[in-house]
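S.K.: So that we are looking at the same thing, I have put the structure below in structure tokens.
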Amino acid sequence: MLVESLSQPPVATRRLHVIGIGAGAVSFVTAEAAAAIADTDVFVVIDKGADKADLVGVRRESLDRFAGSKPFRVVVVEDGRRDDRLPYDEAVARWHAARVAEFERVLADEVVEGEVAGILVWGDPSLYDSTLRIIDQVNDRGRVRVEHTVLPGISSIQVLAARHRIPLNRIGGSVLITTGRRLRDGLPDGVDDVVVMLDAETSFRALLGEDFEIFWGAYLGSPDEVLISGPLDDVADEIVRVRAEARAAKGWMFDTYLLRRLSS
């Protein structure tokens with residue numbers, strides 16, 4: 001009697017570099033990241049649409065500068081959009097699930113055994129970026145086993161502090177890193193220094209009248225970099241105006257800011 005084999009097909013193994021390329025300028029790419037770029041055969045690039053073509057352009061410039069003479073391929077993956085009609089957590093979960101499936105497909109079908117894949121991550125892969133969580137979910141699904149290395153990058157937070165010529169923390173103090181959505185819910189007790197990322201709603205206005213100063217920057221590291229600082233009550237309207245004008249001109253906005261309580 002013939003017995004049908006129930007064994008599963010072998011799991012494909014892929015090597016992957018997750019490469020932080022810094023915030024906005026090819027000059028931020030570290031020597032370690034440059035070596036990883038030169039070691040990569042297939043680059044996976046996420047296309048976020050025509051209005052953010054600048055982001056793909058910086059990635060392409062990084063490849064032109066650091067890939068060397070070794071042949072490589074670029075696989076462009078169109079990124080989905082978060083459905084703002086859904087509750088936030090559900091919308092993010094669905095958005096990430098679609099990205100997981102697409103990453104899995106690319107690694108399984110468009111990267112062959114023995115090749116090294118690479119993903120160029122804006123800023124640093126460990127800070128407000130989903131790539132590492134996506135890779136963990138790809139591994140959990142079991143079709144592809146991803147053996148990945150992570151190359152850190154210079155984040156927008158580091159560039160922000162450098163451009164304003166300030167230390168990020170005060171002596172013996174701590175700094176909270178959060179989002180605009182959480183800032184609007186109020187600061188935890190005892191928090192006097194907070195870095196805010198991913199704020200489309202200029203949430204710093206919720207702290208007007210509470211004796212804060214702000215160090216704000218947009219498009220940090222790029223030719224379009226904009227910086228504003230001062231007491232929050234004095235410069236909030238200027239930031240709102242400049243931010244709106246810049247976003248209308250470019251079609252997208254990346255900004256980061258540090259809020260520091262003056263009375264602390």
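Rule-based calculations on the coordinates, nothing more; no lab input. Computed from a predicted model, the values in this text were never measured in an experiment. No Cβ is skipped: glycine too gets one built from the backbone with ideal geometry, and neighbour counts run over all protein chains shown.
S.K.: Collect the residues in segment 74-128 that are assigned to a helix (DSSP H, G or I), acidic (D, E) and over 19 Å from the mean Cα position of the chain (by Cα), keeping them in residue-number order.
M.R.: As a first pass, look at segment 74-128 and keep what is assigned to a helix (DSSP H, G or I): 88-109.
Going one step further and asking which of them are acidic (D, E), we end up with 89-90, 102, 104, 109.
Within segment 74-128, E90, E104, D109 meet the criteria.
S.K.: Any chance you could count how many residues in segment 229-249 are part of a helix (DSSP H, G or I), closer than 15 Å to L259 by Cβ and not β-branched (V, I, T)?
M.R.: Within segment 229-249, residues that are part of a helix (DSSP H, G or I), closer than 15 Å to L259 by Cβ and not β-branched (V, I, T) number 4.
S.K.: What are the residues in segment 117-148 that are within 15 Å of F43 (Cβ to Cβ) and either of a type in the set (S, T, N, Q) or free of Cβ contacts under 8 Å to residues at least 24 places away in the same chain (or both), if any?
M.R.: Matches in segment 117-148: T131 only.
Conditions tested, residue by residue: (1) within 20 Å of T178 (Cβ to Cβ); (2) without any contact (Cβ under 8 Å) to a residue 24 or more places away in the chain; (3) surrounded by 14 or more Cβ atoms within 10 Å (Cβ to Cβ); (4) over 19 Å from the mean Cα position of the chain (by Cα).
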site	(1), (2), (3), (4)
S203	yes, yes, yes, yes
F215	yes, no, yes, yes
V235	no, yes, yes, yes
E238	no, yes, no, yes
R243	yes, no, yes, yes
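S.K.: Conditions: (1) of a type in the set (A, V, I, L, M, F, W, C); (2) crowded, with 18+ Cβ neighbours inside 10 Å; (3) free of Cβ contacts under 8 Å to residues at least 40 places away in the same chain. F254 meets all but one. Number of the miss?
M.R.: Condition not satisfied by F254: (3).
S.K.: Of all residues in segment 206-241, which are of a type outside the set (A, V, I, L, M) and under 24 Å from G173 (Cα atoms)? Step through it out loud before you land on a result.
M.R.: Here is the first cut: in segment 206-241, the ones of a type outside the set (A, V, I, L, M) are 209-213, 215-217, 219, 221-225, 229-231, 233-234, 237-238, 241.
Scanning segment 206-241 gives G209, E210, D211, F212, E213, F215, W216, G217, S229, G230, P231, D233.
S.K.: Same structure again: Could you tell me which numbered condition I166 fails, if it satisfies all but one of (1) outside any loop (DSSP other than H, G, I, E, B); (2) touching a strand residue (DSSP E or B) at 6+ places or on another chain (Cβ under 7 Å); (3) of a type in the set (V, I, T)?
M.R.: (1)
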